[in-house]
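Single-structure report; data block below.
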Amino acid sequence: MELKEILAVSGTPGLYRYVAQGKGGIIVESLADGRRTMVGGTTKVSALGDIAIFTTSSEVPLGDLFQTIYDRQSGQSVAVTSKSSPDELRTFISSVLPDYDTERVHQSDIKKIAQWYNLLIAAGMTRFTAADEAPAEGGEPTTEAPKSAKTTKTGTKAAPKSSATQRTPKVSGAKTASVKNTTARKAQ
């Protein structure tokens, strides 16, 4: 299971694994209880592999942050919960990401990070970065664009039709005989 297959669905708690594309949306499976459900095409869905955390100098992919937390916690879940105080939340995020942007990373974001990490650990996930995204010799992670397995219709607009497939407008004043009118004239 890779981080790009794990989805956060707007308006629903928990995390989901992508299963398949359906007629009206996508089919997902809850990491907590394994139940499958359909997510409509208009619902906002975010893949965890596409999320990054703001720092003062750049953005850190969520997978790298989860791997840092995993290494520091020795594979155990974090003690930060949704009921933790703001000071506990700031202390937690500062310990794993010292240069996080204090103005753009909110308390709710830190709560989600802790909650999602705990859900992934409970689901048995132990590696959060792909083998090709592992840090290079200099310690800097490679910045390759993630390869998406499948695309969904959620949150995107349809591309305009190309001029070759658009209908040509009818020229005013030009009369074209329809099949019905021609058949009616022959019968008379």
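Odds and ends about this structure:
- No other residue among R90, R104, R72 is in a loop (DSSP other than H, G, I, E, B) and more than 28 Å from V28 (Cβ to Cβ) apart from R104.
- Residue list for region 1-28, restricted to those being farther than 13 Å from I51 by Cβ, among the aliphatic types (A, V, I, L, M) and in a strand (DSSP E or B): V9, V19, A20, I26, I27, V28
- Checked against the criteria, S77 does not count as within 13 Å of I113 (Cα to Cα), assigned to a loop (DSSP other than H, G, I, E, B), in contact with a Lys or Arg (Cβ under 6 Å, 6 or more places away or on another chain) and open to solvent by 40 Å² or more (accessible area, probe 1.4 Å).
- Criterion applied to S57, S95, S46, S84 was being farther than 18 Å from A123 by Cα, modelled with pLDDT under 95 and in a helix (DSSP H, G or I), and the one residue passing it is S95.
The values are calculated or read from the model by the stated rules, or taken from the named source; none is laboratory data. From a predicted model like this one, the values you see are computed outputs, not experimental measurements. Note that each Cβ is placed from the backbone with ideal geometry, even for glycine, and that neighbours are counted across all protein chains shown. In case anyone asks, the SASA skips ligands and DNA or RNA and just uses the protein heavy atoms, side chains included. Shrake-Rupley method; radii C 1.70, N 1.55, O 1.52, S 1.80 Å.
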